[in-house]
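The values are calculated or read from the model by the stated rules, or taken from the named source; none is laboratory data. Because the structure is predicted, anything quoted here is derived from the model rather than measured. No Cβ is skipped: glycine too gets one built from the backbone with ideal geometry, and neighbour counts run over all protein chains shown.
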Amino acid sequence: IINNLLRALFGTEVELLGNTLAVIIGLVGVYLPLVVLPVYSSVEDIPDSLVMAARNLGANQLEAFFKITFRLSLPGLVTGTIFVFVLTMNSIVTPDLLGGRTDLTMGLMIYNQAVGGLNWPFASAIGTVLTLTTTAL
């Protein structure tokens with residue numbers, strides 16, 4: 001559908017399978033709700049009176065957004081970013097199906113080393129690095 005639309009509008013096509021763009025689109029589609037829900041929860045907790053007070057004190061809409069809404073929603077954004085980073089780093093199926101052999105995540109590297117190459121020591125070393133990185137976050 002996308003290529004038919006691009007061909008009709010611009011006379012060009014985009015390769016949507018077996019490359020990094022396909023993996024990015026797939027991972028964004030899968031993990032976007034995990035960012036939206038914490039950010040929505042943070043924004044929902046901001047009292048409307050804070051934005052109205054900023055507007056009454058002379059801030060325009062853009063200043064009120066960045067000084068009040070954006071700053072108070074940062075904890076939700078950080079939480080969602082950490083969730084998505086950890087899950088994307090461990091993702092196996094989406095990069096394997098959409099990206100082929102060129103796009104690797106840590107989870108896919110562990111799977112390939114353990115199951116495909118039977119190199120259990122290297123797979124466990126990658127797993128240890130992944131666990132330490134996740135714990136540090």
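Counting only residues that are of a type in the set (S, T, N, Q) and in a loop (DSSP other than H, G, I, E, B), which one in the stretch 1-43 is surrounded by the fewest Cβ atoms within 10 Å (Cβ to Cβ)?
Quick first cut of the stretch 1-43, residues of a type in the set (S, T, N, Q) only: 3-4, 12, 19-20, 41-42.
Going one step further and asking which of them are in a loop (DSSP other than H, G, I, E, B), we end up with 12, 19.
Working: Thr12: 8, Asn19: 15.
Filtering the stretch 1-43 for residues that are of a type in the set (S, T, N, Q) and in a loop (DSSP other than H, G, I, E, B), the one surrounded by the fewest Cβ atoms within 10 Å (Cβ to Cβ) comes out as Thr12.
With within 30 Å of Gly100 (Cβ to Cβ) and either touching a His at 6+ places or on another chain (Cβ under 9 Å) or without any contact (Cβ under 8 Å) to a residue 24 or more places away in the chain (or both) as the only criterion, which of Leu57, Leu34, Leu16, Leu50 stands out?
On the way: Leu57 fails: within 30 Å of Gly100 (Cβ to Cβ); Leu34 fails: either touching a His at 6+ places or on another chain (Cβ under 9 Å) or without any contact (Cβ under 8 Å) to a residue 24 or more places away in the chain (or both); Leu50 fails: within 30 Å of Gly100 (Cβ to Cβ).
Result: Leu16 is the single residue among Leu57, Leu34, Leu16, Leu50 that is within 30 Å of Gly100 (Cβ to Cβ) and either touching a His at 6+ places or on another chain (Cβ under 9 Å) or without any contact (Cβ under 8 Å) to a residue 24 or more places away in the chain (or both).
Consider Ile82 against the criteria (1) assigned to a loop (DSSP other than H, G, I, E, B); (2) under 22 Å from Thr135 (Cα atoms); (3) not acidic (Asp, Glu): it satisfies all of them except one. Which criterion is unmet?
(1)
Is one or more of the residues making up the stretch 43-61 within 30 Å of Glu15 (Cα to Cα) and over 22 Å from the mean Cα position of the chain (by Cα)?
Taking the stretch 43-61 as the starting set, the residues that turn out to be within 30 Å of Glu15 (Cα to Cα) are none.
No, that holds for no residue.
Of all the residues that make up the stretch 98-121, how many are touching a residue at least 60 places away in the same chain (Cβ under 8 Å) and assigned to a helix (DSSP H, G or I)?
Within the stretch 98-121, the subset touching a residue at least 60 places away in the same chain (Cβ under 8 Å) is 98-100, 102-103.
From the residues that got through so far, the ones that are assigned to a helix (DSSP H, G or I) too are 98-99.
Here the count works out to 2.
Restricting to the stretch 46-69, name every residue that is part of a helix (DSSP H, G or I), modelled with pLDDT of 90 or more and loosely packed, with under 14 Cβ neighbours inside 10 Å.
Ser49, Met52, Ala53, Asn56, Gln61, Leu62, Glu63, Phe66
Given Gly100, Gly18, Gly11, which one is out of contact with any Lys or Arg (no Cβ under 7 Å at 6 or more places or on another chain), over 30 Å from Thr134 (Cα atoms) and of a type in the set (Gly, Ala, Ser)?
Working: Gly100 fails: over 30 Å from Thr134 (Cα atoms); Gly18 fails: over 30 Å from Thr134 (Cα atoms).
The unique qualifying residue is Gly11.
If a residue must be exposed (fewer than 13 other Cβ atoms within 10 Å of the Cβ), on the phi > 0 side of the Ramachandran plot and at pLDDT below 85, how many such residues does the stretch 90-136 contain?
Residues flagged as exposed (fewer than 13 other Cβ atoms within 10 Å of the Cβ), on the phi > 0 side of the Ramachandran plot and at pLDDT below 85 within the stretch 90-136 amount to 0.
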